[in-house]
Amino acid sequence: MTQSINAFLRGTVLAAAALLSACAAQPPVERAVAVTQAELLSGARLGVAANARPSTAALTAVNDDMREFLRQHVPAGLGPTRTIELILQAILDDGLQLRYDNFRTLTAQEAFYSREGNCMSFTNLFVALAREAGVKVHYQEVEIPPSWTAEGDTWRYNLHINALVKLPGAEQVVDFNLGDYDPGLHRRVLSDEEALVRYHNNMGVHWMTEDEGQRAFLHFREALSLRPRTAHVWTNLGTLYRRAGDLAAAESSYLRAVDLADDAAANSNLARLYAQLGEQALSDWYRNRVQLFRQQNPYYLLHLAREAYASADYPAAQRLLQRAIRKQPDEHEFYRLLGLTDLQQGDLRAAADHFTAALAHADAEAGARYRHKLELLAGQ
């Protein structure tokens, strides 16, 4: 059995989508890799020393101040459930009163002293304190459905980090968002090393957006030294090189990401890069691949269905939602919008069926809304 504790607002780990296996078709022009992997990671092209390293990051290290904080707020000898409840209460209310900041990725000690951070920062702090209190707890990664902008030919999806507590005969999710954790989302346990890769990727993105290219590179390189086959880090490294004006290195980094996982964001970035280079055939080919990724993704179909619903094109919304459900039949939001579409078309029986299906796949909070809709339909 898996339970969940929702404790604060959502934070995200920046990552690129990789949603579709490679197609048999090949690009219309064969492009040799211009920059080797060793050269991409050497740092020389960005003026970074080969032996330079980012600051040491001990994500869950605990010091004497943190141990004293535990002693003050969590009595010894309690069971694991009560222990984690008191740790959360101490973090959020009684002691630290942490402030959420989606753009701050901090270690446990940094979050403890600064009293702010994003979901990974809070999770680092919780994991550190829980382990210090003798609770078995792991990092967990949750895939948040992607969203699209109106003009976008690319997208990103969020990898949300929370904690999974191992209890006797059960598991409990500790999630730092306010009632918005969806247990139906795909999730997996991360090793501490994988969590460290997410941390360095986050820090690389942070410094890249601050125009601190060399500092960003150190974190991306550190992430890839730990897990060299992490496609989305290669994509972010390619973007760093593109921002630095090194298009050959950017191309090679994006191609590495595509080779590893057919990374969707890397395909999109290649389309833009080849357009910039005047390689229109290649640009069109990669742009078409991005469209294929989108059409194969059920959440993009949901995006199109919402647009169709908003413009009162209910038959189109219905067709798109039916396609989305065939691809992912356990997403309650697809059934919810399909039920609303049925209502707009006057089909009350179909609406009831689809709200019932939504209820079957929903968590407790969403389920209450669907039961209310069904009660209203039953009264008509």
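The values are calculated or read from the model by the stated rules, or taken from the named source; none is laboratory data. Remember, it's a predicted structure, so these values are computed and weren't measured experimentally. Cβ placement follows ideal geometry from the backbone for every residue including glycine, while neighbour counts extend to all protein chains displayed. Ligands, DNA and RNA are excluded from the accessible area calculation, which covers all protein heavy atoms including side chains. Shrake-Rupley method; radii C 1.70, N 1.55, O 1.52, S 1.80 Å.
Name the residues in the stretch 240-285 that are under 26 Å from residue 218 (Cβ atoms), among the charged types (D, E, K, R) and either at pLDDT 95 or above or open to solvent by 50 Å² or more (accessible area, probe 1.4 Å) (or both), would you? The answer is 242, 243, 246, 251, 256, 259, 272.
Selection of first residues in the stretch 218-231 that are free of Cβ contacts under 8 Å to residues at least 40 places away in the same chain and of second residues that are β-branched (Val, Ile, Thr), restricted to Cβ pairs under 7 Å at least 6 apart or on distinct chains, gives the following pairs, ordered by first then second residue: 220/233; 223/197; 223/230; 223/233; 226/197; 227/197; 230/197.
Taking the stretch 172-193 as the search range and keeping residues that are touching a strand residue (DSSP E or B) at 6+ places or on another chain (Cβ under 9 Å) and modelled with pLDDT of 85 or more, which one is most open to solvent (accessible area, probe 1.4 Å)? Checked the stretch 172-193; the qualifying residue most open to solvent (accessible area, probe 1.4 Å) is 188. Inspection of the stretch 301-315 finds a residue satisfying the criterion of being open to solvent by 40 Å² or more (accessible area, probe 1.4 Å), part of a helix (DSSP H, G or I) and acidic (Asp, Glu).
Of all the numbered requirements in (1) closer than 21 Å to residue 174 by Cβ; (2) free of Cβ contacts under 8 Å to residues at least 24 places away in the same chain; (3) open to solvent by less than 40 Å² (accessible area, probe 1.4 Å), residue 72 misses one, and that requirement is (3). Only one residue in 293, 334 is over 28 Å from residue 254 (Cα atoms) and at pLDDT below 95, so which one is that? Answer to the check: 334. Screening the stretch 1-96 for helices (runs of 4 or more DSSP H) wholly inside it with 1 or more residues that are touching a Ser or Thr at 6+ places or on another chain (Cβ under 9 Å), modelled with pLDDT of 75 or more and of a type in the set (D, E, K, R) returns the ranges 37-42.
Residues in the stretch 329-354 that are under 22 Å from residue 295 (Cβ atoms) and surrounded by fewer than 18 Cβ atoms within 10 Å (Cβ to Cβ): 329, 330. Checking each residue in the stretch 194-219 for being more than 22 Å from residue 60 (Cβ to Cβ) and crowded, with 24+ Cβ neighbours inside 10 Å picks out 216, 217.
Contact map, the stretch 42-67: first residue within 29 Å of residue 245 (Cα to Cα), second residue among the basic types (Lys, Arg) and open to solvent by 60 Å² or more (accessible area, probe 1.4 Å), Cβ cut-off under 8 Å, separation 6 or more or different chains; pairs are 54/215. Taking the stretch 194-223 as the range and being among the aliphatic types (A, V, I, L, M) and over 18 Å from the mean Cα position of the chain (by Cα) as the test, the residues that pass are 208, 216, 218.
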